[in-house]
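Since every read-out is calculated from the coordinates, none of them should be taken as a lab result. None of the values given here were measured: they were computed from a predicted structure. Positions of Cβ are generated from backbone atoms using ideal geometry, with glycine treated the same way; all protein chains shown enter the neighbour counts.
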Amino acid sequence: MLRWRARAHKRNILYHTYKFMSINKTINSNEHHKVAAAASLIGMATLCSRILGFVRDVVIARLFGVYLYAQAFVIAFKIPNLLRDLVGEGATNAAFVPVFSEYTPRDKKKEFWELANVGMNVLLVVLSAVTLLGIIFSPFLVRLIAPGFSANPVQFQTTVLLNRIIFPYILLIGLTAYSIGVLNSLRHFTIPAFTPCLLNISIIVFALIWGEGIKGLASGVLVGGVLQLAVQIPVLYKKGFRFRFTNKFNHPQIKRIGKLMAPRLFSTAIYQLNNFVDTIFGSLAFVVGEGGVAALYFSYRLIQFPLGIFGNSLSQAILPTLSCEALEQDHTKLKETLSFGLRSILFIMLPASVGFMVLSKPIIWTLFKGGKFDAYSVQATANALFFYSIGLFAYGATRILSCGFFALKDTVTPTKVAAVALAINIILNSVLMYPMKLSGLALATSISGIIGFFILFFLLHKKVGGLNLKALFFYFSKIFMASIAMGAVCASVLDSGIYWDTFLGRVVYLLLPIAGGVIVYVVCCLVLQVKELNSLWRWLKDRKPAI
């Protein structure tokens with residue numbers, strides 16, 4: 001009986017991993033179906049948004065390459081993107097929803113909408129002030145984020161102009177994130193789930209209309225922000241929200257929201273600072289070469305694709321289970337689930353790391369080559385992708401380890417480790433950028449990520465009373481061998497000379513080694529008796545068709 005339950009537990013996590021869902025098995029049947037439907041919807045919306053984001057990056061790359069205007073846009077968009085992550089992911093998930101959910105019963109509807117209105121007013125005042133200050137101090141912000149741009153007056157002024165045009169997006173996305181928090185508290189997910197797609201669609205459309213006019217990208221961001229907020233308004237109105245100006249900002253729950261936001265904002269800020277470090281060093285063209293900021297951006301976006309889909313999905317699926325198991329005095333089940341999560345993420349991310357390394361140049365050449373994205377752009381971006389890929393498995397595994405700490409109600413340790421990784425990244429960037437140029441910046445990020453992973457791993461190993469190190473190392477060795485075999489096959493197919501210089505030819509040139517590598521990886525896993533492959537196969541075999 002216990003063995004059957006363990007297998008069912010693993011199949012459940014795999015189900016959510018590959019379907020991009022997070023469902024808590026402890027809730028009742030009716031609620032289970034509601035959460036499943038919402039999670040499926042959010043998963044599909046996330047996939048759509050990432051695909052559209054990829055198309056957006058391809059359009060930008062082909063219009064502007066990795067040169068002046070592409071770099072100006074990347075820097076100008078950095079600040080609003082930072083606040084989107086802080087307000088959207090940090091505040092909505094960690095602060096807004098838990099507090100608002102206490103007021104959702106029917107007898108508290110009046111109090112719910114009163115709190116929602118006060119919160120909207122507070123956010124409107126704060127974000128308006130931030131937007132105004134950002135526009136005024138735009139030159140200072142550009143010098144801070146991209147100090148290397150000061151050497152080129154045209155590049156510097158272009159970036160300042162774009163940053164000032166884009167800055168109101170902070171106000172729009174902040175209000176959008178707040179609206180999403182209110183709607184999610186009311187169990188409405190449809191419109192909020194697909195909201196991010198509107199930004200990517202807007203940027204794509206405006207970029208294509210304006211062509212090589214860089215202001216088109218900035219206009220697309222602003223219009224996208226307006227659309228993201230606008231689609232929330234009818235739903236909020238239908239639910240009962242009526243906005244009115246007020247000067248009563250001292251609502252007790254607003255202070256509570258602020259306290260809940262602080263730790264998450266700090267943790268997210270450290271993560272974003274790590275990204276800004278690469279941008280700061282990448283702007284030093286006299287050291288790392290031309291186009292560093294854009295090349296790092298395009299390559300890191302590719303790394304985020306498998307990480308966002310598989311890493312986020314698995315971490316979301318495994319956290320509720322870990323949280324329940326953490327309540328037990330005996331952490332045996334918790335340790336088993338953590339080990340399973342690490343094995344599952346390594347099963348995907350380790351071969352992805354090797355695949356990106358071997359196929360870095362064909363991937364960039366096939367997806368981005370064209371227009372202003374010339375041979376130099378391809379080589380610079382491919383180099384960054386190669387070295388970023390080294391740490392891909394660590395990025396994914398760190399998310400699983402962080403879930404272990406969150407389940408144990410420890411949010412401080414992951415934050416401290418992230419700060420250590422940030423310091424290591426800064427030091428390594430300073431050392432490696434001279435001999436390796438742009439590649440050194442990507443390598444520094446990978447090394448700091450791997451070091452952060454090992455620190456978190458051993459701290460969690462100690463905290464839970466010991467993970468099965470021998471079994472995990474043995475499993476890692478098997479996956480590593482299978483990944484190396486896969487990489488060797490991919491390299492052999494690339495060297496076969498099957499290539500012709502058309503878009504279709506480049507696609508075939510890329511797909512052939514991928515197909516061959518996947519087949520070899522699966523065969524090697526079968527030979528080495530990798531349990532995760534067998535579990536996935538049994539799930540696919542036993543799964544009943546949807547009605």
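Quick look at the numbers
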| item | result |
| --- | --- |
| Residue-by-residue Karplus 3J(HN,Hα) for the range 324-330, coefficients 6.51, -1.76, 1.60, Hz, glycine and proline x | 5, 6, 5, 6, 7, 5, 8 |
| LEU284 long-range amide H proximity, modeled H, under 5 Å | GLY148 |
| Most to least packed among 296-302, 462-468, 142-148 [average Cβ atoms within 10 Å] | 296-302, 142-148, 462-468 |
| Karplus-derived HN-Hα couplings along the range 408-420 (A = 6.51, B = -1.76, C = 1.60, θ = phi - 60°), whole Hz, x at Gly and Pro | 8, 6, 10, 9, 7, 4, x, 5, 5, 5, 4, 5, 5 |
| Two-site FRET efficiency, LYS372 against LEU124, from Cβ-Cβ distance with R₀ of 35 Å, rounded to 0.05 | 0.30 |
| Filter on LYS215/LYS437; LYS215/LYS372; LYS78/LYS215 - keep pairs with C-alpha separation over 20 Å | LYS215/LYS437 |
| Using θ = phi - 60° and Karplus 6.51 cos²θ - 1.76 cosθ + 1.60, couplings along the range 112-122 (whole Hz; Gly, Pro as x) | 4, 6, 5, 5, 4, 5, 4, x, 5, 5, 4 |
| Order by protection proxy (mean Cβ within 10 Å, highest first), peptides 433-439, 353-359 | 353-359, 433-439 |
